[in-house]
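Nothing in this text is a laboratory measurement; each read-out follows from the coordinates by a stated rule. Owing to the predicted nature of the structure, the values given are computational and were not obtained by experimental measurement. Cβ coordinates were reconstructed from backbone atoms using ideal geometry, including for glycine residues, and neighbour counts include every protein chain displayed.
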Amino acid sequence: MPVPVIIDCDPGHDDVFAIWLAAGNPDIDIRAITTVSGNGYLEHTTYNARVALTVAGVTGIPVAAGADGPLERKATPATWIHGENALGGPELPEPTVPLDGRSALQLIADVLAEADEPVTLVPIGPLTNIALFLREKPELVGKIKEIVWMGGSTGRGNVGAYPEFNAWCDPEAADLVLRSGLPITMVGLNISHQALITAEVIDRIGAIGNRTGAFGVELLRYFCSTYDKVEGMPEGPLHDPITVALLIDRAVATVRRAHVDVETKGEFTSGATCVDLHDMLGKEPNVDVAITLDVDRFWNLVVDAVRELA
Ligand code: BDR
Ligand code: CA
């Protein structure tokens, strides 16, 4: 049975690949896509989610817009990496995939209520929508099987010495979700920086020869060029699809169970995830922290999925 998922995203170059991996792999059943402000303002991330599906020729998945900013802070689009429209590089086609009239929270609620089995949430942006859902729809929380989140880090950050972008955008939301008691896997920078977009990866995706692959190559080239400029990483890290890859095949990554707190107040560290890998605090572990990526297995899944799309 394919794993039923809701992808909550802020596309974003790597978000697009996460959507494609889920759409192109038979072991995943995308029940809904919800959008949040993160890499770009909500209008851009919502448009881009519809573009991702349109390019890939995927229809029948409802897309609904969620929060247009963090719980308590201002939106901070990552233009330095993703460009002004959050999807710099290729010319974007007018999406033919419609926008669902429901709010993201209502769509998530409807999908959970209608599902026969618990559904997995895959947030790959700031956790604003998920935090709002837990707060406003507690009666449906039992229908969430688990949360597999891209965000945080066991070590270095990408918007400061320690904070990672998704956690840093909305630390209050991340704090609420991580303290929810739900089963949570954290795919942080410590593992996503193992998913490097090498020239060989770009060649493999281009060689597929379909529309999705060609669009994908343009996305990856732009993403690597900004990573090179900003972080000195010409082979940028394709963070978000690792979440979906883990749901397809748990052997894609090793995980360690640990207690994770989110810093909401720190003068220099706001948004940092404090991952107690060595149990120094003696607190109850609340997160499965992804540690080591099987790089070949990961890229094979991504390439195989893109091959299945338009
Ligand atoms: C995360 O932030 C965004 O730029 C990416 O889409 C990813 O979700 C990496 O820090
Ligand atoms: Ca993202």
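Note down the net charge around R204, summing +1 for each Lys or Arg and -1 for each Asp or Glu among other residues with Cβ under 12 Å from its Cβ.
Neighbourhood net charge equals -3.
Expressed in nm², what is the orientationally averaged projection area of the convex hull enclosing the Cα positions of the chain?
Its Cα hull, projected and averaged over all orientations, spans 14.2 nm².
How large is the Kirkwood hydrodynamic radius of the stretch 144-204, in angstrom, based on all distinct alpha carbon pairs?
About 12.9 Å for the stretch 144-204.
Mind checking the log10 I(q)/I(0) for the stretch 76-171 at q = 0.12, 0.19, 0.22, 0.23 Å⁻¹? Debye, one equal scatterer per Cα, no solvent, two decimals.
Here the Debye-derived log intensity ratios amount to -0.55, -1.07, -1.16, -1.18.
If you count the DSSP beta bridges with both ends in the chain, what percent of them are antiparallel, to the nearest 5?
The antiparallel fraction comes to roughly 35 percent.
What do the square roots of 5 times the Cα gyration tensor eigenvalues come to for the stretch 127-257, in whole Å, largest first, as semi-axes of the equivalent ellipsoid?
For the stretch 127-257, the ellipsoid semi-axes come out as 29, 18, 14 Å.
For the chain, what are the DSSP H helices with axial Cα length of 27 Å or more and mean Kyte-Doolittle hydropathy of at least 1.6?
In the chain, no H run is both long and hydrophobic enough.
Which net charge results when you count Lys and Arg as +1 and Asp and Glu as -1 among the other residues whose beta-carbon is under 13 Å from that of A272?
Result for the local shell: -4.
Please give me the summed charge of the neighbours of P11: other residues whose Cβ is under 10 Å from its Cβ, Lys and Arg +1, Asp and Glu -1.
Charge balance near P11 sits at -3.
Return the distance in nm (one decimal) between the two label points of a simple spin-label model at R297 and V141, each offset 7 Å from Cα along Cα→Cβ.
Placing both labels 7 Å beyond Cα along the Cβ direction yields 3.2 nm.
So which lysines can K74 reach, going by Cα to Cα under 23 Å and dropping same-chain residues fewer than 8 places off?
K265
Only counting other Cβ atoms within 10 Å, I'd like T226, T292, T45, T273 sorted with the fewest neighbours first.
T292, T226, T45, T273
In the Gaussian network model of the chain, springs joining C-alpha atoms below 10 Å, which of G209, G89, G125 carries the largest mean-square fluctuation?
In this elastic network of the chain, the residue with the biggest mean-square fluctuation among G209, G89, G125 is G209.
Under a straight-distance cross-link criterion of Cα-Cα below 20 Å, which aspartates and glutamates are reachable from K229, leaving out those fewer than 8 residues away in the same chain?
D14, E84, E164, E218
Rounded to the nearest 500, what is the 222 nm mean residue ellipticity of the chain from helices alone, with -39500 (n - 2.57) per DSSP H run of 4+ residues and division by all residues?
Result for the chain: -11500 deg cm²/dmol, rounded to the nearest 500.
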